[in-house]
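The values are calculated or read from the model by the stated rules, or taken from the named source; none is laboratory data. As the structure is a computational prediction, the values presented were derived from the model and not from experiment. Every residue, glycine among them, receives a Cβ derived from its backbone with ideal geometry; neighbour counts consider all protein chains shown. Only protein heavy atoms, including side chains, enter the accessible area calculation; ligands, DNA and RNA are left aside. Shrake-Rupley method; radii C 1.70, N 1.55, O 1.52, S 1.80 Å.
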Amino acid sequence: MVDRLANSEANTRRINIVENCFGAAGQPLTIPGRVLIGEGVLTKLCRKKPKARQFFLFNDILVYGNIVIQKKKYNKQHIIPLENVTIDSIKDEGDLRNGWLIKTPTKSFAVYAATATEKSEWMNHINKCVTDLLSKSGKTPSNEHAAVWVPDSEATVCMRCQKAKFTPVNRHHCRKCGFVVCGPCSEKRFLLPSQSSKPVRICDFCYDLLSTGDLATCQPTRSDSYSQSLKSPLNDVSDDDDDDDSSD
């Protein structure tokens with residue numbers, strides 16, 4: 001079906017509509033062979049609270065943005081190459097249901113669909129696109145991914161020292177493990193090339209492991225940081241920004 005739609009007028013028209021919805025600030029999306037597979041609203045677990053985001057699945061990229069006017073205008077466009085994506089299902093927890101993790105070397109995050117059927121369809125389509133891309137390119141699936149940031153609301157005290165209480169200026173995220181940590185526990189920076197061309201803030205625990213070369217212990221597997229957040233009592237971004245905007 002994808003090959004049949006690749007250069008069709010209907011597909012080109014649909015992609016042009018998406019481009020227009022993002023306006024001049026969005027990147028061009030029409031290239032030969034690209035097909036719009038599907039679209040819909042998903043709830044993205046942002047730093048401060050879950051927020052609705054519009055997602056577009058193409059056969060080679062995943063695009064999402066903030067909703068300004070549904071079906072008419074979106075901003076803060078994000079484009080994720082699918083060949084770098086791996087996904088994992090998330091168990092239902094309270095009000096957060098029908099979710100899965102979207103993981104890439106640059107950033108990783110959780111999203112939630114309105115129904116279990118919608119979740120299944122999204123995951124199946126994403127997996128199919130990734131499999132087809134890797135098959136054509138001969139590449140292997142990515143085994144490196146950035147940590148999923150633990151939401152601010154899940155940590156009332158530093159997740160490393162377990163002592164410091166947070167203030168608006170004393171709350172940070174380790175870019176390696178995704179934990180919410182205080183300033184004194186995250187004063188060091190380390191170069192993580194997949195995330196930034198400059199050294200980024202990491203916690204003391206991860207810094208010690210990275211400095212000794214113990215990468216396996218420091219690298220989250222199946223987003224340990226996200227799993228921890230549920231059990232806890234508790235492009236470059238600035239220390240207090242989410243990947244969407246400063247209000248997240």
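Observations, loosely collected:
- Heavy-atom accessible area, probed at 1.4 angstrom with all protein chains present, ranks 125, 78 as 125, 78, highest first.
- Sparsely packed loop sites in region 104-143 (the trypsin sites (Lys or Arg not before Pro) outside DSSP H, G, I, E and B with at most 14 other Cβ atoms within 10 Å) comprise 139.
- Computed with a 1.4 Å probe over protein heavy atoms only, the accessible area of residue 30 comes to about 60 Å².
- Full extension of the chain between residue 70 and residue 191 yields a length gain of 39.7 nm, computed as 0.36 nm times the residue separation minus the alpha carbon distance.
- When the surface is traced with a 1.4 Å probe over the full set of protein chains, residue 209 keeps roughly 30 Å² accessible.
- Label-point gap, in nm, between residue 136 and residue 124 - each point 7 angstrom along Cα→Cβ: 2.2 nm
- Sorted from longest to shortest, the spans of the Cα atoms of region 1-137 along the three principal axes equal 44, 35, 28 Å.
- For region 57-62, putting each phi into the Karplus relation 6.51 cos²θ - 1.76 cosθ + 1.60 with θ = phi - 60° gives couplings of 9, 9, 6, 10, 9, 10 Hz, in residue order, rounded to whole numbers and with x for Gly and Pro.
- Only protein atoms count toward the accessible area here, which uses a 1.4 Å probe; on region 152-212, the carbon and sulfur part of that area reaches 56 percent.
- If you take all other residues with their beta carbon under 11 Å from the beta carbon of residue 211, and give Lys and Arg +1 and Asp and Glu -1, the sum is -2.
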